[in-house]
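The values are calculated or read from the model by the stated rules, or taken from the named source; none is laboratory data. This is a predicted model, so every value here is computed, not measured. Cβ: placed from backbone, ideal geometry, glycine included. Neighbour counts: every protein chain shown. What goes into the accessible areas is simple: the full protein's heavy atoms, side chains included, and nothing from ligands, DNA or RNA. Shrake-Rupley method; radii C 1.70, N 1.55, O 1.52, S 1.80 Å.
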Amino acid sequence: MPSKHLVISRWQSYHGNTLGALACSGYTGRRRKHTPIFKDAVHIPPAFCYRCYFEKTFPDCELKCARALENAILQQGPENVSAFIAEPVVGAALGGAPAPPGYFQAIRAICDRYDVLFIADEVMCGLGRTGAHFAIDHWSVAPDLIACGKGLGSGYFPWRPASSPMRSPTR
């Protein structure tokens, strides 16, 4: 649908340094000086129970952070929202923080309800770094797209012990 042009992401997320990716990212320190030239981007609170945006406690919070996506979609108009992007385990902007149980199941249901693509940004956390092939597998959810380019091209290489046959040549 041609009207679908908005991407929703989370605050405290990092999706790259190009101006388009940085506009989607919620990494406030990196965004600050470029904000005047960004295309409009919509952000929702992160799924970070340690410092909950809503000042709630899991599970009594009823995943308000996930339900914020539905509110954002309805505010922008479902006909305008093309995708939601999130790191299953937030790396650079939040220090290795996974979403709580049930979060990505709720996100998947919301995306399906409004015909919004769900993009799992697995650049830092994918390809076995969390013990599963992709971090999103821990929630048993299938995204529509997975971003993992640097992981495939060795931009990020998981450390392996010296006894591993797949040991990094730099270690």
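What the table shows:
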quantity	calculated
Environment charge at Q76 (Cβ cut-off 12 Å; Lys +1, Arg +1, Asp -1, Glu -1)	-2
In nm, spacing of pseudo-spin labels at D60 and Y114 (7 Å Cα→C-beta vector)	2.8
Under Karplus coefficients 6.51, -1.76 and 1.60, residue-wise ³J(HN,Hα) of segment 58-74 in Hz, glycine/proline x	6, x, 5, 5, 6, 6, 4, 5, 6, 5, 4, 5, 4, 4, 5, 4, 5
Apportionment of accessible area to carbon and sulfur, segment 44-94, percent (1.4 Å)	47
Amide proton proximity set for V42, modelled H, under 5 Å, gap of 5+	V7, S9
Difference of contour (0.36 nm per residue) and Cα-Cα distance, R51 to E79	6.8 nm
